[in-house]
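The values are calculated or read from the model by the stated rules, or taken from the named source; none is laboratory data. Fair warning: this is a prediction, and the values are worked out from it, not measured in the lab. Counting neighbours? That spans all protein chains shown, and the Cβs are built from the backbone with ideal geometry, glycine included. Note: accessible area is taken over every heavy atom of the protein model, side chains too, but ligands, DNA and RNA are not part of it. Shrake-Rupley method; radii C 1.70, N 1.55, O 1.52, S 1.80 Å.
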Amino acid sequence: MEFQTGFHWYIAVYLFLAGVGAGSIVVASLADMYDRQKYLSFIKAASVIGMPLVSIGIFFLYIDLGQGMYKPWLLLLLFVNTTSAIMWGTLILTIFTILSLLYGAYNLGILDWFIKKAGFLKIFKPLAASGFMNWALIITGILTAGYTAVLLGVLKAIPFWHQTALPILFIISASSTGISGAMVVKELFFKEEAHLAKIETTHFYLIMLEILLLIGMLLIALQGVPEMKFSALALLTGEFAVEFWVFLVLLGLVVPAVVFAFVEAGKLHVSGGKLVFFELLVLAGGYFLRHLILHAGVYTQKFTDYIMIHY
Amino acid sequence: MYSADKTKKFAMAYIVDRCVDCKACMVACKAEWQIPDNDFRTHIDTGIAPAATERLSMHFLPHQCNHCDDAPCVTVCPTKASHKRADGVVDIDNRKCVGCRYCIPSCPYNARFFNNQLGVADKCTFCLPRIYDGLMPACVTTCPGRARVFGDINDPESEISKALKDAADNRYRVWTLRKDLGTEPNIYYIQK
Amino acid sequence: EPQQGVTYAQNWCEMCFWKCGLTAKVVDGKVKKLEGQPDCPSNYGKLCAKGNAGVFQLYDPDRLKTPLIRDGERGSGKFRKATWEEALTYVAQKTNELKEKYGPETFSIFAHGSGEHSFVELVEIIGSPNYCIPSYAQCTGSRDIGWALSYGKAVGGKEPVDSQNSKCIMLLGRNIVEALHVGEMQDFVEGVAKGAHVIYVDPRFTKTAAKANQYMMIKPGTDSALLLGMINYIIEKEIYNKNFVDGYTHGFDLFKEHVAEYTVEWASQITEIPQTEIIKAAEKLCEAAPHCYIHPGRRLTRYGNDTQFTRIVACLNMLMGNWEVRGGIYRTVGFKYDAPHMVHFDKPYADRADGAGSEEFPLGPKNLGFANKLMEHIANQDVYPLKGMFVYGCNPLHHHGSTEMVKKALENTELLVTCEIYMTDTAWLSDVILPESTYLERYDPVISTGRRKGYIQFREPAVNPVFDTKGGWEIAAQLSAAMGHENEFLDVREYNRLAFEALGITEEYMKKHGVWVANESTPYPVEDGEEEPSFRTPSGKAEFYSNLCEHFSYPPMPSYEENPVPAEDEFRFLFGRLSFHTHARTQNNAWLLALHKSEVPLWIHTDRAKALGIKDGMQVRLVKEGFKSNPCTARVVDYIHPQAVFLPYGFGHETKGLTRITGKGARTSDFTSNLTDPISGAAGFHNGFVKLEIA
Ligand SMILES: Nc1nc2c(c(=O)[nH]1)N[C@H]1C(S)=C(S)[C@@H](COP(=O)(O)OP(=O)(O)OC[C@H]3O[C@@H](n4cnc5c(=O)[nH]c(N)nc54)[C@H](O)[C@@H]3O)O[C@H]1N2
Ligand SMILES: Nc1nc2c(c(=O)[nH]1)N[C@H]1C(S)=C(S)[C@@H](COP(=O)(O)OP(=O)(O)OC[C@H]3O[C@@H](n4cnc5c(=O)[nH]c(N)nc54)[C@H](O)[C@@H]3O)O[C@H]1N2
Ligand code: SF4
Ligand code: SF4
Ligand code: SF4
Ligand code: SF4
Ligand code: SF4
Ligand SMILES: [Mo]
């Protein structure tokens, strides 16, 4: 069987960053609707990374484009084919980026600063502060995170990607890593006393859910068509086993899950540098999840009638 | 460039028994289209069936872009650089291709690769415009086994139509790759 | 002159020795594409992978770009660039010194390729008889002698087997699909498509085996037993072609008696092939007779007794009565014309050092020589001093049965001049390297070729030399002049003009078509009733009992000879061709390397691999008497005889000048045997025994 080689780590970075950015904003928006004041430090932290990470992600996509640097005008063509997931994604990401830019600017007080310079900008302020904005961000954020999986999921050619569980997994992972990203920023830059227990609890359950989904997805893949099985085995025991078990499973999921479980149970208190460390582990895991799923993709077999040996 | 002739539908057939895995087609194509590095627009796979028995058999199975009627690469290409022409050829317009690579994993036949020299996706073009100059595709021209047959299946007098008819008359096995995927490929495999 | 737009130039391919006719497409002064000439009977419009990769070779930055003179220890790879004048004067001066000191016969030349005669004739002008074309002693020598003993003429370089019309084809390690020559392979594929029954015998399942109806995994080195068993069966059952055997052969009764002991049962035991398979093969051949053949083989330099093996092949063919009939052995259609001479010279006077044509090897052709024996005498300096060596278009360090012998010979050489296009292992050790223009950059004298038709082929440059190189004839002529010889070489274009005149064709015609079919008389004169079978043997018949063998005290009828076998922990070292490389010359070609991702496969049987802990894809080394090869990639398969390992010929280059492939894989000549066939004098390579180790 042949591993796909069209998409490589640049794309994994893109998927990852878009996920973290979108995830952090979605969680922040939810928190905003729930109790803005209580979660303000988190919301601000999410605002710092939300739009920028998505943009950096897009930048990775951009430098991966064979022609992006030389013929930037071709980017306009990204919108012309309605059947292409890239077209959907470009649209969603564009909307999400604009919204989250506005939202972030508002949260961080940058919008006010601009309004001082250019008064007419004040028309954006009610929008940025509105519940509509929160809903719009939640929806486009989930779409963004989901899109990073749909991009892969629509491809019949790679059975391992062509699974319904994939978007769900990616959305959960995006939320989880989004929280981690925001937490790291909060710990570093918005040191004000905050009570984020709810978010931490949510984070713990998201990680547990992610573990369960991953197990489920692999179990299904193992029972699936030979190509899926091959991909799953490539992760579990094959080419990618070391990265899978060490970086994704152990460091990216199990260690954080155990630590957060102790925190939940009140047996442990982590904050400051330690918290940053564990959140970074979650983030690394989030990257490896995408990296590995991307690389473990194998093409559907062309010749089903023969046992293939590629020379 | 030659515009597409609507009356034609180009297709290829491999007479599998005649392929000897000499790989002349791969190199001829590489030369004709200056394909960089380690890439090729067409490949030969070796099918060994069954893996180990008393009576071993080995088949050589060429493959390249199938010029699908319902081509996933065309569906997913955001810029419409990948497009299906009226003459059946699935072509890439290099001027439009942004090099997003999306079409590459979209192709169930792994027929595409990224051309690092040009920064665009690349694959078999059925040798456009060569075929409008009255020549056969480079791979067909060179094939020492005469395993490759090319032409317009709308024309009953074309070599490919004759080969397919001959196969039908003689009840040879004729198949296309992965019919189950609904891609409607235009490369036929013929085996006695 | 480089021209704008698209032009075409005619040529024949020089990527191997089959000489497929081709047309080069030149766009804006650069060769873009090579395509077969549709009318050339060598290839009918087709080129193989190597032929197509000729474009890469032309522009390969690894090519030799200027003359080089050694400027350091031999093997240090230190050379200084020289002008042509400097290099030629240097060679001429050194040559004259050596000639003075040791006599003219001190020079030898090993030459192979379209330009081989240029340097051969130069060495003859110098006055030495020691010229060798390695494709005799290392390749088809035994086969051609064995065939000639039986039929009165050699097989020839374009094997006259009529596969396209054949009903049954038997190949014994003639890997016609991978060790390919386009025309011969085309015929074979046609025959297969028409339903010929193909019997393929090889210790490993090759791509030719893939096309066979019957594949026999033979124990290596036992082919004689298989054929003798079949012969015995065919004679016992009286299913041979009585008409032919009675009318046109000599010594059948003695032969019948002679093979009586070789039963099928016996053959089966020796070859490890089931009796039923042996019988089936015999019957299939006889059913198809006379439209069938048993291939005489190509590189028949296996066990040092290959002349007698070919005799057995010939005898089995005689039983089929397939002489000059469709589907059997056709008559090569040649033609004669008053070909001009490039140069005139007196024949040399000394005896050849290698013994070709001497009392010891009366059948050894003096015009081809024994590349293996001559090298031995240079290494041992035991005949007369052999101190000067020329090498043209071949690579003794790879093509010889023993690298050690060649290295020893080179140590004894005071002047080694190599005319090459690449920095080969041999060039690397040379004193002077003369870079030749490749076939796409030079004229060569027209050649005449014979297959089912007789034809003339034409070569003209497609582009000016890309680097500072010259054609072989020009180099030889200038060297000869620099040495002070008065013999005038013709200019190649002048030669061609005279040849066209003699042929009655025009240069314009050749420029347009590249090939001219001169003789279309029937290749099947016997079947077409035009002639009775006739043979230039002493008896005038095809000889089961060879009168010449008797005359020279060789066994007149072939017997089974046992070959040594490897020890338990050793393997017999087999080697051969990949479809997409030629010998040791194309391994550095990036387009061809890409076909196998630069990996050098070493075939080994699953069970033997398991015992050694070798897994498919692992890096392994060949080991012989403490010498270890570079790593190769294990290809663990069920379909090679457990006693053998197989490696493609042409890897393991030591030179630093082949940048993409230096040091990759093993060099076959480091592991082969170096036997000599007692009749033909040709080499025997397959008694090399090796061990394996994980790298
Ligand atoms: N160990 C081992 N030895 C063998 C064999 C084997 O399989 N294994 N096979 C045997 C057989 S069958 C044969 S025919 C011989 C072949 O033996 P060689 O004739 O030595 O074969 P090549 O390796 O093709 O060497 C040809 C050389 O010519 C150079 N060349 C190519 N084009 C030109 C040109 O235009 N001009 C000049 N001057 N040089 C050029 C190439 O770079 C190359 O180095 O080897 C025999 N010896
Ligand atoms: N692609 C390509 N084609 C070529 C060449 C090339 O370099 N590359 N070179 C050309 C030249 S000069 C020559 S001489 C020919 C050589 O043509 P062949 O003689 O057909 O080729 P080899 O590859 O030398 O050996 C053929 C087979 O002999 C098998 N063999 C080894 N030992 C035994 C044995 O004891 N019994 C039997 N029955 N089989 C055995 C090996 O497994 C191998 O598959 O190829 C020609 N064609
Ligand atoms: S050129 Fe023809 S015979 Fe050779 S590998 Fe290609 S399809 Fe097969
Ligand atoms: S084979 Fe692949 S590249 Fe060719 S048309 Fe079909 S999907 Fe597109
Ligand atoms: S790489 Fe080019 S052809 Fe392929 S999907 Fe992107 S724009 Fe279309
Ligand atoms: S049709 Fe042309 S482009 Fe396609 S594989 Fe053949 S030679 Fe290459
Ligand atoms: S068989 Fe291949 S390498 Fe040899 S002359 Fe023909 S095209 Fe060239
Ligand atoms: Mo040879």
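Confirm whether B:Thr141 is over 30 Å from A:Ala12 (Cα atoms), surrounded by 17 or more Cβ atoms within 10 Å (Cβ to Cβ) and either of a type in the set (A, V, I, L, M, F, W, C) or more than 9 Å from chain A (Cβ to nearest Cβ) (or both). In short, yes.
Could you check the range C:635-686 and list, in sequence order, the residues that are open to solvent by less than 20 Å² (accessible area, probe 1.4 Å), within 14 Å of another protein chain (Cβ to nearest Cβ) and over 20 Å from the mean Cα position of the chain (by Cα)? Talk me through it step by step, then tell me what you get.
First, the residues of the range C:635-686 that are open to solvent by less than 20 Å² (accessible area, probe 1.4 Å): C:637, C:639-641, C:644-648, C:650-653, C:655, C:657-658, C:661, C:665-669, C:671-673, C:677, C:679-686.
The next check asks that each one be within 14 Å of another protein chain (Cβ to nearest Cβ); those that pass are C:637, C:639-641, C:648.
Result: C:Val637, C:Tyr639, C:Ile640, C:His641.
The C-beta contact set for the range C:520-549 (first residue more than 23 Å from C:Ile312 (Cβ to Cβ), second residue hydroxyl-bearing (Ser, Thr, Tyr), distance under 7 angstrom, 6+ apart or interchain) comprises C:Pro523/C:Tyr330; C:Tyr524/C:Tyr330; C:Asp528/C:Thr522; C:Glu530/C:Thr522.
Any idea how many residues of the range A:93-109 are hydrophobic (A, V, I, L, M, F, W, C) and free of Cβ contacts under 8 Å to residues at least 12 places away in the same chain? Please lay out each step first, then the result.
Let us first name the residues in the range A:93-109 that are hydrophobic (A, V, I, L, M, F, W, C), namely A:93, A:95-96, A:98-99, A:101-102, A:105, A:108.
Of the ones still in play, those that are also free of Cβ contacts under 8 Å to residues at least 12 places away in the same chain are A:98.
Here the count works out to 1.
Quick check: is even one residue across the range B:53-67 within 13 Å of ligand 3 (Cβ to nearest atom) and not in a strand (DSSP E or B)? Within the range B:53-67 (the criterion being within 13 Å of ligand 3 (Cβ to nearest atom) and not in a strand (DSSP E or B)), the answer is yes, since at least one residue qualifies.
Listed by first and then second residue, the pairs linking a residue in the range A:1-25 that is of a type in the set (A, V, I, L, M) to a residue that is in a loop (DSSP other than H, G, I, E, B), with Cβ atoms under 9 Å apart and 6 or more places separating them unless they lie on different chains, are A:Met1/A:Tyr299; A:Met1/A:Gln301; A:Met1/A:His310; A:Ile11/B:Arg101. Of the numbered criteria (1) near ligand 4 (Cβ under 10 Å from one of its atoms); (2) in contact with a Phe, Trp or Tyr (Cβ under 7 Å, 6 or more places away or on another chain); (3) more than 19 Å from A:Ala157 (Cβ to Cβ), the one B:Ile104 fails is (3). For the range C:13-24, the condition holds for no residue, the condition being that it is more than 14 Å from chain B (Cβ to nearest Cβ) and without any contact (Cβ under 8 Å) to a residue 12 or more places away in the chain. Looking at A:Tyr70, A:Tyr10, A:Tyr62, A:Tyr34, just one residue is out of contact with any Leu (no Cβ under 6 Å at 6 or more places or on another chain) and more than 14 Å from chain B (Cβ to nearest Cβ), and that residue is A:Tyr34.
Filter the range A:74-92 down to the residues that are touching a residue at least 12 places away in the same chain (Cβ under 8 Å) and of a type in the set (Val, Ile, Thr), then identify the one that is nearest to the other protein chains (Cβ to nearest Cβ). So, considering only residues that are touching a residue at least 12 places away in the same chain (Cβ under 8 Å) and of a type in the set (Val, Ile, Thr), the one nearest to the other protein chains (Cβ to nearest Cβ) is A:Ile86. When every residue of the range B:160-177 is checked against the conditions, none turns out to be crowded, with 16+ Cβ neighbours inside 10 Å and among the charged types (D, E, K, R). Considering only helices (runs of 4 or more DSSP H) fully contained in the range C:175-293, which possess at least 1 residues that are within 14 Å of chain B (Cβ to nearest Cβ) and over 22 Å from B:Lys192 (Cα atoms)? Counting at least 1 such residues, we get C:182-193, C:275-288.
What do you reckon, is B:Thr79 open to solvent by less than 30 Å² (accessible area, probe 1.4 Å) and either more than 19 Å from the chain's Cα centre (by Cα) or within 16 Å of ligand 3 (Cβ to nearest atom) (or both)? It is true that B:Thr79 is open to solvent by less than 30 Å² (accessible area, probe 1.4 Å) and either more than 19 Å from the chain's Cα centre (by Cα) or within 16 Å of ligand 3 (Cβ to nearest atom) (or both). Looking across the range C:197-213, just one residue is crowded, with 23+ Cβ neighbours inside 10 Å and of a type in the set (Phe, Trp, Tyr), and that is C:Tyr200. All conditions in (1) within 16 Å of ligand 6 (Cβ to nearest atom); (2) open to solvent by 10 Å² or more (accessible area, probe 1.4 Å) hold for C:Gly51, with the sole exception of (2). Restrict the check to the range A:231-253 and report whether at least one residue is modelled with pLDDT of 95 or more, open to solvent by less than 20 Å² (accessible area, probe 1.4 Å) and within 14 Å of chain B (Cβ to nearest Cβ). Scanning the range A:231-253, I find at least one residue that is modelled with pLDDT of 95 or more, open to solvent by less than 20 Å² (accessible area, probe 1.4 Å) and within 14 Å of chain B (Cβ to nearest Cβ), so the answer is yes.
Among the numbered conditions (1) out of contact with any strand residue (DSSP E or B) (no Cβ under 6 Å at 6 or more places or on another chain); (2) hydrophobic (A, V, I, L, M, F, W, C); (3) within 12 Å of ligand 7 (Cβ to nearest atom), the only one that C:Cys40 does not meet is (1). Condition test on C:Thr301, is it within 16 Å of ligand 1 (Cβ to nearest atom), assigned to a helix (DSSP H, G or I) and crowded, with 19+ Cβ neighbours inside 10 Å? Here the answer is no, as C:Thr301 does not meet what is asked. When only residues in the range C:491-501 that are of a type outside the set (Asp, Glu) and open to solvent by 50 Å² or more (accessible area, probe 1.4 Å) count, which is farthest from C:Gly127 (Cα to Cα)? Among those that are of a type outside the set (Asp, Glu) and open to solvent by 50 Å² or more (accessible area, probe 1.4 Å), it is C:Arg497.
Among strands (runs of 3 or more DSSP E) lying entirely in the range C:26-92, which contain 3 or more residues that are in contact (Cβ under 8 Å) with a residue 40 or more places away in the chain? Give the steps one after another, and end with the answer.
Numbers: elements: C:30-36, C:68-70, C:79-81.
Passing ranges, in order: C:30-36, C:68-70.
Name the pairs whose Cβ atoms lie under 6 Å apart, with the first residue in the range B:55-83 and more than 8 Å from chain A (Cβ to nearest Cβ), the second among the β-branched types (Val, Ile, Thr) and in a loop (DSSP other than H, G, I, E, B), and 6 or more positions between them or separate chains? Filtered contacts from the range B:55-83: B:Gln64/B:Thr42; B:His67/B:Val89; B:Cys68/B:Thr183; B:Asp70/B:Thr183.
Please verify whether C:Gly115 is touching an Asp or Glu at 6+ places or on another chain (Cβ under 8 Å), away from ligand 8 (no atom under 16 Å from the Cβ) and on the phi > 0 side of the Ramachandran plot, treating the condition exactly as stated.
Details: touching an Asp or Glu at 6+ places or on another chain (Cβ under 8 Å): yes; away from ligand 8 (no atom under 16 Å from the Cβ): yes; on the phi > 0 side of the Ramachandran plot: no.
So C:Gly115 does not fit the description; no.
Filtering B:Ala168, B:Ala86, B:Ala121, B:Ala111 for residues that are within 16 Å of ligand 3 (Cβ to nearest atom) and aliphatic (A, V, I, L, M) leaves a single hit, B:Ala111.
C:Val27 - would you say it is within 13 Å of chain B (Cβ to nearest Cβ) and more than 28 Å from C:Glu184 (Cβ to Cβ)? Even if it seems obvious, please write down each step before you answer.
Details: within 13 Å of chain B (Cβ to nearest Cβ): yes; more than 28 Å from C:Glu184 (Cβ to Cβ): yes.
Yes, satisfied.
Taking the criterion of being in contact (Cβ under 8 Å) with a residue 24 or more places away in the chain, more than 7 Å from chain A (Cβ to nearest Cβ) and in a loop (DSSP other than H, G, I, E, B), the residues of the range B:94-111 that qualify are B:Asn94, B:Ala111. Take B:Asp91 and tell me if it is at pLDDT 95 or above, more than 16 Å from ligand 7 (Cβ to nearest atom), assigned to a loop (DSSP other than H, G, I, E, B) and not basic (Lys, Arg). No.
Out of the residues in the range B:57-73 that are over 10 Å from B:Asn186 (Cα atoms) and buried (at least 22 other Cβ atoms within 10 Å of the Cβ), which is nearest to ligand 2 (Cβ to nearest atom)? Among those that are over 10 Å from B:Asn186 (Cα atoms) and buried (at least 22 other Cβ atoms within 10 Å of the Cβ), it is B:Phe60. The numbered conditions (1) aliphatic (A, V, I, L, M); (2) open to solvent by 30 Å² or more (accessible area, probe 1.4 Å); (3) assigned to a helix (DSSP H, G or I) are all true for C:Ala137 except (2). Here are some conditions: (1) open to solvent by 10 Å² or more (accessible area, probe 1.4 Å); (2) of a type in the set (A, V, I, L, M); (3) under 30 Å from C:Glu35 (Cβ atoms). C:Leu171 meets all but one. Which one does it not meet? Going through (1) open to solvent by 10 Å² or more (accessible area, probe 1.4 Å); (2) of a type in the set (A, V, I, L, M); (3) under 30 Å from C:Glu35 (Cβ atoms) one by one, C:Leu171 breaks only (1).
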